[in-house]
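The values are calculated or read from the model by the stated rules, or taken from the named source; none is laboratory data. On a predicted model such as this, the values are computed, not experimentally measured, just so you know. Because the Cβ atoms are built from the backbone with ideal geometry, glycine has one as well, and the counts that use them run over all protein chains shown.
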Amino acid sequence: MSQLLTRLSAAERALGRLDGVSILLPNKELFLYMYVRKEAVLSSQIEGTQSTLSDLLRFETEAVTGKPLDDVREVSNYVDAMMYGLERMPELPISLRLIREMHGRLLDSGRGATQNPGEFRSSQNWIGGTRPGNAMFVPPPPNEVMNCLGEWERFAHAETPGIPPLIKAGLLHVQFETINPFLDGNGRLGRLLITLFLCTEGVLRQPLLYLSLYFKTHRADYYRLLQEVRERGAWEAWLEFFLDGTAETANQAFDTAHRIATLLAADRERIVAEANRTASVLKVHDLMRTRPFLTAVAVAEKTTLTMPTVNAALAQLQVLGIVKEITGRKRGRVFAYSAYLDILSEGAGV
């Protein structure tokens, strides 16, 4: 138990630092916008999709993508489900209704569209193997799903002063994955609910903690520990893993936030010091904070700049080494904010 308390203390300290940096960020909406997308990519990669963060961002800006469209669409759906959950939380706290609505968005299109989006399962599913008889794990039968979910929801909302919110988040995650209430998307939704719960409990003011990189890096341990809870009630080993992941992930997010803020400030200073037509170049740079892949047409649409001014500003950013043209074409060229993407993409593919 002392090991668990030590890990809990480290995780809470790391979360406190991360929550503090959200106040210091010059544009926390920007950081959240990009970080949510990184989480969507990582969580989907655990389930086997091949999309990278660059694929998603290029898909969103209608630039060229080299990956199967279904893969990118699944990740885009995850972003939509997560943002929907965050927006709904003030009026609709974590509940079975919110979970169903988020699931409907998660599986709205792509390969999951045939797996009853937004509906709790009415048939048996299993994990591993080819049938329940040889599966690694068989979740509760369909006639018990609603009863189990009702208990899960009651525990989520219960006053539990003796259970710190971080510990409770770890318990709720295992319970949700064990119930496995949908035909598809349980893992992605269950990971998303961790952060929503911590925001609901006031542990985080901004939803900046996402554990999918840690779970992806330690995928074998993640699945093994979930199974050991089910088979032997090994809660303490799972919670130690969960708290270690929380501390490591929060510290990485803190570091990433600082590096991004430093990069954006340094590039802005270089533009002011070295660029011609500083105002228009700064305008394009500001736009690339939220759209690190851009075409000249998109810049003209999103700003009041003319096409000649846009092209001149993009040329300046290329000369400064801040953006790169990535297609090699003369028409329909796509520009990337490479250093920014490099920081964000660590662990999520290129």
Can you tell me which residue is modelled with the highest pLDDT among those in segment 328-350 that are buried (at least 20 other Cβ atoms within 10 Å of the Cβ), farther than 12 Å from R58 by Cβ and hydrophobic (A, V, I, L, M, F, W, C)?
L344
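Conditions tested, residue by residue: (1) touching a residue at least 24 places away in the same chain (Cβ under 8 Å); (2) in contact with a helix residue (DSSP H, G or I) (Cβ under 9 Å, 6 or more places away or on another chain); (3) closer than 18 Å to G118 by Cβ.
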{"site": "H157", "(1), (2), (3)": "yes, no, no"}
{"site": "I163", "(1), (2), (3)": "no, yes, no"}
{"site": "L172", "(1), (2), (3)": "yes, yes, no"}
{"site": "P207", "(1), (2), (3)": "yes, yes, no"}
{"site": "R219", "(1), (2), (3)": "yes, yes, no"}
Sole miss for P26 among (1) outside any helix (DSSP H, G or I); (2) at pLDDT 70 or above is condition (2)
I'd like to know if segment 76-83 contains one or more residues that are modelled with pLDDT under 90, assigned to a loop (DSSP other than H, G, I, E, B) and in the same structural domain as L198 (by TED's automatic domain parsing).
no
How many residues, within segment 120-137, are over 13 Å from F182 (Cα atoms) and buried (at least 17 other Cβ atoms within 10 Å of the Cβ)?
1
The lone exception for D255 - which of (1) of a type outside the set (A, V, I, L, M, F, W, C); (2) within 30 Å of D19 (Cβ to Cβ); (3) buried (at least 16 other Cβ atoms within 10 Å of the Cβ) it fails:
(3)
Consider segment 258-271. How many of its residues are within 22 Å of N311 (Cα to Cα) and surrounded by fewer than 12 Cβ atoms within 10 Å (Cβ to Cβ)?
1
Output yes when any residue across segment 113-127 is under 22 Å from W235 (Cβ atoms) and assigned to a loop (DSSP other than H, G, I, E, B), and no when none is.
no
Filtering segment 204-235 down to residues that are part of a loop (DSSP other than H, G, I, E, B) and modelled with pLDDT of 90 or more, which residue is farthest from I163 (Cα to Cα)?
H218
Name the one entry in G170, G190 that is assigned by TED's automatic domain parsing to the domain that holds P93, outside any loop (DSSP other than H, G, I, E, B), modelled with pLDDT of 95 or more and in contact with a Phe, Trp or Tyr (Cβ under 6 Å, 6 or more places away or on another chain).
G170
Search segment 101-112 for residues being in a helix (DSSP H, G or I), modelled with pLDDT under 90 and among the small types (G, A, S), and hand back the single one that is surrounded by the fewest Cβ atoms within 10 Å (Cβ to Cβ).
G110
Just need a number here: residues in segment 137-167 that are in a loop (DSSP other than H, G, I, E, B) and polar (S, T, N, Q).
1
Scan of segment 173-187 for residues that are surrounded by 21 or more Cβ atoms within 10 Å (Cβ to Cβ), modelled with pLDDT of 95 or more and assigned to a helix (DSSP H, G or I), ordered by number:
F176, E177, I179
If you check F241 against the conditions, is it over 23 Å from I99 (Cβ atoms), surrounded by fewer than 23 Cβ atoms within 10 Å (Cβ to Cβ), in contact with a helix residue (DSSP H, G or I) (Cβ under 9 Å, 6 or more places away or on another chain) and at pLDDT below 90?
no
